[in-house]
Amino acid sequence: MTSSTLPPARKAFPTATILGYPRIGRRRELKKAVEAYWAGKSSAAELEAAAEGIQLATLRRLTELGLTEPSAIPGTFSYYDQVLDTAVALGAVPARFGELHDAEGRLGLDAYFTLARGNAEQQPLEMTKWFDTNYHYLVPEIGPETSFSLSSERVVDEFRFAKANGVVTRPYLVGPVTFLLLSKPSDGAPADFDPLTRLEDVLPVYAELLARLGEAGAEWVQLDEPALVADLDTPALEVSDAVERAYAALASVAGRPQILLSAPYGGLGAQTAVVAATGVEAVALDLFKGAVPSAEELGAFAGKTLVAGVVDGHNIWRNDLAASAAKLDALRAAGATVAVGTSTSAFHVPHDVEEETQLDAQLRSWLAFADQKVAEVATLASYLADPASAQAAIDEASRVIASRAEAPGVRRTEVRERTAALTDADFSRSDYAVRAAAQDAELNLPALPTTTIGSFPQTAEVRGARARLNKGAIDAAEYERLMKDEIKRVVDLQEELGFDVLVHGEPERNDMVQYFAENLDGFDVTVHGWVQSYGSRCTRPSILWGDVSRPAPITVPWAEYAQSLTEKPMKGMLTGPVTILAWSFVRDDQPLAETANQVALALRDEISDLESAGIKVIQVDEPALRELLPLRRADQPAYLDWSVKSFRLATSGVVDATQIHTHLCYSEFGVIIDAIDGLDADVTSIEAARSRMEVVHDLESHGFGRGVGPGVYDIHSPRVPSQGEIEELLKTAVAHVPSRQLWVNPDCGLKTRGYVETEESLRNLVEATKAAREVI
Ligand code: GLN
Ligand code: ZN
């Protein structure tokens, strides 16, 4: 450890800050730059120059918006993912990749992207959801054999770069406890290996990095510990113990910057006292989602700065400044040293609402994207210094929020009367046995029926047609003709391959949520509102701001047309209420359960129209059901109750003979298998090929009694599964699930695939099914 330097002078924590800022660029410059580099179209130097351009633009913008104090701007830039950044800094590379370090023991950009994207021999690191958000991080693989050594100083270099440009930033790292809690055991490790047992081995590398940051002149560093707000498999007492040990070690590092421990995404609960007792100099609390700690709890933070996360970093509504000011007052009254911050990093929201000039001005006034949140934080910091200076802004925020409640479309009597009149009967269908008999008679399907999940490859022609429609280069009639051509091609292909239940291929959908948002009342969509989903992948969540209803049928004409092309049953295809909520920015002025029921009723109307148009099988996708699961176990039953109910409300208006399908993208059933059962869908398709049918054991032990299609084709890569391979998977499935319940389908939709590999894979799927039918 190099620690000969004197500790830097102790600088007070800035009065206003944010925990993080969007890093993809206002025009997705980073996406373009990394994708060009991956495609071999630009050099590493060009990519680095683009990255510096984004960092510089961020520094300028945030300074302009009022984050002018040293250490107020967090160094949260990332080429791909913050967990990967930390893994690479620690040198925590799985052995399966071989040696990725260079001769100097460094992990460079190419090693970094290899971990993120895999190579010819190795799958990339697994990706999974970051807490209760739509962001996905890369899962480090840690075993007893993992060796840790400082392998990248990019965080130091970025600090120096900012400093050379006149800004002292606050470098960001995922904290050691969260880093290990989010890791999974490496391939070679015993199955019950707990990565947290390696804490003592990662701490020296963190210590070395802190010392380097100190030498470079960093006054504060942010160690992010969101794992402390979630109930994980590791017992809370073990987590507390790890926090004590980790921060005792880091606090004693000579020459280190002061430490801000950030705890976004919820309240610290039982860990509050543990965090308060550490030697860190500042703690950022999520006071938007979490409660203001009691005066007694606050007393334990004496000597530390509390960064009050009163401005929501995770949703886009304008802050209720009066309510936030009251929280700040409560903290101050308890004697705390207070600074103002966002509750989470603002990288979950787009850059700037001012860019969305097409939105209604009143709607725009209700919103705060990242830049507006910075201004809110600055206002609240000025409130702390001089309450009178912020009064006008506080009053204005109160006025705008009040105007929201009164605005047309926000509360509509006819929508509210419908949800208020719901009774238990609206949430349930007949017994499954009765339905199953009616459906058998109606559909007359063979054993092991084959189907797909909905989308077929979205070709350049299909996307091009949509782009031309949006630019006005073709009219709606021409667009419709092109989409119908594509639907016919998809239907003909499925007929030729021999599928039993067909789909229309979803060519007309830009996105499975936005498509519905554009066609329902109560929603708006943005033009520049991109947020990072993972790596270079961004999504543009819709804004659900008002009462939801369906002005006209949405999918019915497409489904009707597709059904007219075939004698086989055509699946109607909808996105479920929970997924529509999970992948949108949702109004915060009423319980999610109420909003979900409104969406469900709109879908129920659509389903009823599909049924009237002769559609006999209707699939309602709920891939996000698990995604919104609350981080605290105590909150989970209430969530599962309303989410399951909203699905049932959407789907229970049909006759017995109409078959309802649902699709879930993942296979980690564990905690939610009861909920999946509770959806009461006639058929559930799930991802299974990737995990080699692991899920059938869960289904078996749970006694899952309805139709189920564990995926037999991993659609996440262009690889074509052979017929033999699919037969093997089916053999496993048949051994654990009664064959009369089994369906055969891919893991998920095919929209990201090409036609060549899709056709070959689907052919193998149908042929394997025929072979399997011979032996059941
Ligand atoms: N029906 C959608 C599709 O096939 C489902 C996608 C998803 O589950 N994410 O694309
Ligand atoms: Zn899926």
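The values are calculated or read from the model by the stated rules, or taken from the named source; none is laboratory data. Since we're looking at a predicted model, the values are computed, not measured. Using ideal geometry, Cβ is built from the backbone for each residue, glycine included, and neighbour counts are taken over all protein chains shown.
Under the condition of being under 17 Å from PHE161 (Cα atoms) and of a type in the set (Asp, Glu), which residue from the range 199-221 is surrounded by the fewest Cβ atoms within 10 Å (Cβ to Cβ)? The residue in question is GLU215. Looking at GLY335, GLY313, GLY341, just one residue is part of a loop (DSSP other than H, G, I, E, B) and buried (at least 19 other Cβ atoms within 10 Å of the Cβ), and that residue is GLY313.
Looking for whichever is out of contact with any Asp or Glu (no Cβ under 7 Å at 6 or more places or on another chain) and on the phi > 0 side of the Ramachandran plot here; the options are GLU496, GLU506. Which one fits?
GLU506
Being β-branched (Val, Ile, Thr) and either away from ligand 2 (no atom under 16 Å from the Cβ) or free of Cβ contacts under 8 Å to residues at least 40 places away in the same chain (or both): is that true of THR769 here? Yes: the conditions hold for THR769. Evaluating GLU506 against the criteria (1) surrounded by 19 or more Cβ atoms within 10 Å (Cβ to Cβ); (2) under 30 Å from VAL756 (Cβ atoms); (3) more than 16 Å from ligand 2 (Cβ to nearest atom); (4) of a type outside the set (Gly, Ala, Ser) leaves one unmet condition, (3).
Scanning the range 53-75 for residues that are surrounded by 14 or more Cβ atoms within 10 Å (Cβ to Cβ), more than 16 Å from SER345 (Cβ to Cβ) and under 28 Å from the mean Cα position of the chain (by Cα) yields a total of 3. GLY98 passes every criterion in (1) loosely packed, with under 14 Cβ neighbours inside 10 Å; (2) touching a residue at least 12 places away in the same chain (Cβ under 8 Å) apart from (2). Among the conditions (1) crowded, with 24+ Cβ neighbours inside 10 Å; (2) more than 16 Å from ligand 2 (Cβ to nearest atom), MET573 misses just one, which is (2). When ASP621, ASP588 are screened for being within 16 Å of ligand 1 (Cβ to nearest atom) and within 23 Å of the chain's Cα centre (by Cα), only ASP621 passes. Figure legend. Inter-residue proximity from the range 273-287: first residues within 16 Å of ALA72 (Cα to Cα), second residues of a type in the set (Lys, Arg), beta-carbon distance below 9 Å, spacing 6+ or different chains. Indicated pairs: GLU281/ARG10; GLU281/LYS304; ALA282/LYS304; VAL283/LYS304. Note on the range 190-229: residues that are outside any helix (DSSP H, G or I) and not charged (D, E, K, R) amount to 9. Kindly check whether there is at least one residue in the range 736-744 that is among the charged types (D, E, K, R) and either in contact with a helix residue (DSSP H, G or I) (Cβ under 7 Å, 6 or more places away or on another chain) or within 16 Å of ligand 1 (Cβ to nearest atom) (or both). Checking the range 736-744: not a single residue is among the charged types (D, E, K, R) and either in contact with a helix residue (DSSP H, G or I) (Cβ under 7 Å, 6 or more places away or on another chain) or within 16 Å of ligand 1 (Cβ to nearest atom) (or both).
Scanning the range 222-237 for residues that are among the acidic types (Asp, Glu), buried (at least 16 other Cβ atoms within 10 Å of the Cβ) and more than 27 Å from PHE77 (Cβ to Cβ) yields one hit, ASP231. Residues that are without any contact (Cβ under 8 Å) to a residue 12 or more places away in the chain and polar (S, T, N, Q) within the range 338-364 comprise just one, THR357. A residue that is at pLDDT 95 or above, of a type outside the set (A, V, I, L, M, F, W, C) and in contact with a Gly (Cβ under 6 Å, 6 or more places away or on another chain) cannot be found anywhere in the range 270-281. Check whether at least one residue in the range 615-622 is over 30 Å from LEU268 (Cβ atoms) and acidic (Asp, Glu), and report yes or no. For the range 615-622, residues over 30 Å from LEU268 (Cβ atoms) and acidic (Asp, Glu): present. Under the condition of being away from ligand 1 (no atom under 16 Å from the Cβ), in contact with a Lys or Arg (Cβ under 7 Å, 6 or more places away or on another chain) and not in a loop (DSSP other than H, G, I, E, B), the residues counted in the range 641-654 number 1.
Among the residues of the range 352-365, those identified as surrounded by fewer than 24 Cβ atoms within 10 Å (Cβ to Cβ) and either within 30 Å of GLN82 (Cα to Cα) or not β-branched (Val, Ile, Thr) (or both) are ASP352, GLU354, GLU355, GLU356, GLN358, LEU359, ASP360, ALA361, GLN362, LEU363, ARG364, SER365.
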